[in-house]
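Below: the structure, in structure tokens.
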Amino acid sequence: MNKMEAFVSEQLKQNVPQFNIGDTVKVHNLIKEGTRERIQIFEGTVIAKHNGGISETFTVRRVASGCGVEKTFPLHSPNVANVEVVRAGKVRRSKLFYLRDRVGKASKVKEA
């Protein structure tokens with residue numbers, strides 16, 4: 001194993017949370033403000049997952065104050081403290097980008 005593979009295997013999280021596209025999740029994100037640290041929770045629907053391995057990311061969408069907000073989180077980042085599944089969603093596709101155009105109840109995902 002070369003140095004790059006050793007570094008990547010060292011940085012991977014051991015207990016990766018299990019969630020799927022369409023699930024409503026709470027992402028506990030570590031925020032650093034100067035010398036202080038706090039955890040901020042971002043709750044929304046998982047609309048996409050990308051790649052695998054160390055560079056695996058997932059995108060979470062929520063509507064805040066009538067405006068859609070999306071954040072992409074690296075799964076193996078030390079800044080992502082925890083991912084908690086609030087409810088499981090039932091979807092038939094791997095990317096839910098069509099939710100960007102929906103408003104109100106039409107933007108909801110059925111519960112599994």
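The values are calculated or read from the model by the stated rules, or taken from the named source; none is laboratory data. This structure is a prediction, so every number in the text was calculated from the model and none was measured. Here the Cβ positions follow ideal geometry from the backbone for every residue, glycine too, while neighbour counts run over all protein chains shown. These area figures cover heavy atoms from the full protein model, side chains too; ligands, DNA and RNA do not enter into them. Shrake-Rupley method; radii C 1.70, N 1.55, O 1.52, S 1.80 Å.
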Among (1) more than 17 Å from V86 (Cβ to Cβ); (2) free of Cβ contacts under 8 Å to residues at least 12 places away in the same chain - the single one V8 does not satisfy:
(2)
Going through (1) out of contact with any Lys or Arg (no Cβ under 9 Å at 6 or more places or on another chain); (2) open to solvent by less than 30 Å² (accessible area, probe 1.4 Å); (3) acidic (D, E) one by one, E33 fails only at (2)
Pairs under 9 Å by beta carbon, first residue at positive phi in segment 85-106, partner exposed (fewer than 12 other Cβ atoms within 10 Å of the Cβ) and assigned to a loop (DSSP other than H, G, I, E, B), six or more apart or different chains?
none
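From V27, V60, grab the single residue that is closer than 16 Å to K108 by Cβ and open to solvent by less than 30 Å² (accessible area, probe 1.4 Å). Outline the logic, then answer.
Working: V27 fails: closer than 16 Å to K108 by Cβ.
Going through V27, V60 in turn, just one is closer than 16 Å to K108 by Cβ and open to solvent by less than 30 Å² (accessible area, probe 1.4 Å): V60.
Check E84, E43, E10 and return the single one that is open to solvent by 40 Å² or more (accessible area, probe 1.4 Å), out of contact with any Lys or Arg (no Cβ under 6 Å at 6 or more places or on another chain) and of a type in the set (D, E). Lay out the reasoning, then the answer.
Working: E84 fails: out of contact with any Lys or Arg (no Cβ under 6 Å at 6 or more places or on another chain); E43 fails: out of contact with any Lys or Arg (no Cβ under 6 Å at 6 or more places or on another chain).
The unique qualifying residue is E10.
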